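First comes the structure, then the notes that go with it.
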Amino acid sequence: MTQQTETIDPVSTHVVVGVTLALTILVSAYLLFQVQPLISKFILPWFGGSPAVWTTAMLFFQCLLFFGYSYAHLVSRFLSIRQQTLVHIALVMLAAYLATFVIPGEYFKPTGAESPIWQILLLLGACVGIPYFCLATTGPLIQYWFSHAYPGRSPYRLYSLSNFGSFLGLLSFPYLFEPFFELPQLGNYWTIGFWVFASFCIAAAFQMFQRHSWFSSADHDASSSAEGMQSELPNHWQRVGWVALPALASLTFIATTDRVSHDIAPEPRLWITTLSLYLLTFIICFDHERWYRRRLTAIVCILTILILTGAQDITERLGFEWDPGVTQVRWSHFLAMFLICFMCHGELVRLRPKSREHLTEFYLWMSFGGACGGLFVALVATNLFDEFYEWTLCLLSAIALGTYILASRPTSTLQVIQNKKADQVRRFLFGAGALLAAGVVCFWLDPFQWRQRSSPEFEEAYLHRSRNFYGTVAVKERVHRTDPSQSYRVFYSGQVNHGVQFTHLDKRALPVSYHSRESGVGETLEYAKSKYLEIRVAIVGLGIGTLATYARESDHYDFYEINPEVIQIANQWFDNVPRCKARTQETILGDARLKLEQAPEDVQYDVIVLDAFSGGSVPIHLLTTEAFEIYHRHLKQNGFIVINITNRYLNLYPVVRRQAEHLGMRFRNKFQSGEPGRLIRSNHYFIMTDDPEYLSSFPSINPRYFDDNGNLIREVDPNISHVPLWTDHFSSINPIEIRN
């Protein structure tokens, strides 16, 4: 053994092994987080473009990460280094073979009748399960091998390197690869990248297998000495922190992504931004403790939460009108999320174990906490909450954690927990401050609608609130105090008004909100009725069924709606659909694009109305080239495709104009100003048709803005020339954001 040891150059061996381990962990992390947006975006059109696709995918990836860390913990605990390398080489080879099938085939496409959550989980498991599991095991296992190869050195720098690789993987997807390559191509490149990782990983495992005897003999004394100085048995409080802190960070990350996606658009770049910021907190905190200033972070975090939740309320009380645009909404939420995650991960680093014997256990509990955050949103919050209460829960928990940090003595968290002689006065003052801050946040956010918001003219009350995979819905009734004919009900999808109906019998049949007779859709339907004795109409997005009021006894109306809660609300709390005069009408449950794709070729419509974009969140998969080719296939000659492009955050005009030009169809757009007295909201429609008479009779009207006296201030050309054609494999909301 001595002779063998002398033939080995310790310096060169350490350098080679160290470089190989670092490259392995860097490439694995890069692939780990590049495949998440890749496959999530690929399956997004299959499940209605819902933001919950990303939430469910994150649940899958976080749970698989936990299983990967469990594997690393078990093999490091019960197998020798040589046994670990042999087992892991077998796993890597199996995963490298299965990585060939990362892009799902058409046979995985749902029919529309399945449970979306379980369908997504099964699909991801079949396509990317084993390769992702293999990548997930690499981080903790490589760090454990590093601690054997380099005893006395901290392996946590490798964890920071791992998160840096993940950060690069996320950012390179939307900015380096996605604009230039189709998703199937990216899938092939990812497979090649996995084979590169497999080569590095097998080389690292072989080196550990070959050099294990040298490491164990040469470094045993140093290892024993280092661990003897740093042996610190974790207690129950530490393990609670290992779970609770990453759970809060994960919950905040997912809740922020969910909230912003529902209010703006389920666009992968939003997902990548939040995940990148989440990873950035890992990179900074695990690189070195000096980057985390716990008291300063706690103060800034609490102040940011108070400003975020109260800014709009405060400006209104001061007499200012501030309607935040898409940029302000996104980055105010992103900043709060970053600070909360930074605080959680900074505290987590303070609780990390010193000994390598507890290294994999630490990562196991940490990944379990991360998975708990995803499980809470996908399985608990979605089924039990009727609103996004988890966002409020995150803010309140962050205030509690920040207050605890400020109230603690300037010692380690572990000592604070165990200190029985803390200053009671200081704790009382900070505790009272925390309760006050939490009360202010609850007052401003008003998650349970406790505050009285009725105006002098109306009394308001919620009749219905619910939540499912597709988001939150609610019905509110506004009863006029003096004139019952002005009373009405409103349907909300998330925070956005998606339909209004008068409750008075004489006004109940009036089409209002975005669907008045002077609107683009009203003009088009009335024109089609005047030209044809009977028409067949497809309406994508049921809402409260306002467009059903345009039907005649001779017409045929098909309503496509993906959310079963909306169908129930339209029939229970509103009566547009039950009173529809159409000779035949059908409400088709499922994603409209998928259902139209499955429909026979002889299903032809005079008018197809896309009414799923008004207000906030935009199902992008309904606006791609592939989607419009499906609509065009089911459109009669000289028929109409009417798109409600009303949106407070995004200018959708250039997107649909590119689709019309791609199809070779002519078009017009119609903007209508709001009339609050008639409950008509400002609306903007884009109409594609080849009917020359219609186009000559109804010229385009661009968005117009008037002063209080009715004088025209300006007219806006909605076109943006550099917006590219949207496809299933490329779409970006960045060029069409409306910045206030």
*Going through segment 463-552, which GluC sites (Glu not before Pro) have at most 16 other Cβ atoms within 10 Å and a DSSP loop state?*
Glu518, Glu534
*asked:* Show me the ranking of peptides 499-511, 360-372 by mean Cβ neighbours inside 10 Å, starting with the highest.
replied: 360-372, 499-511
*asked:* As an exercise, use a Förster radius of 30 Å and the Cβ-Cβ distance of Arg583 and Glu675 to find the FRET efficiency, rounded to the nearest 0.05.
replied: 0.40
*FRET E, pair Val196, Glu518, Förster distance 45 Å, beta-carbon r, rounded to 0.05*: 0.15
*Please report Ile544, Ile202 as a ranked list, fewest other C-beta atoms within 10 angstrom at the top and most at the bottom.*
Ile202, Ile544
_Three-way shape label, segment 514-736, alpha-carbon gyration tensor, a/c 1.5_ = rounded
*Highest-first arrangement of 574-583, 596-605, 642-651, where packing means the average Cβ count within 10 Å*: 642-651, 574-583, 596-605
*Chain lengthening between Ser700 and Lys507 when straightened (0.36 nm per residue, less Cα-Cα)*: 66.5 nm
*Sort Met208, Met343 so that the residue with the fewest other Cβ atoms within 10 Å of its own Cβ comes first and the one with the most comes last.*
Met208, Met343
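Values quoted throughout were computed directly from the atomic coordinates according to the rules given, and no laboratory measurement underlies them. Only a predicted model underlies this, so the values are computations on that prediction, with no experimental measurement involved. FYI the Cβ positions are ideal-geometry reconstructions off the backbone, even for glycines, and counts take in every protein chain you see.
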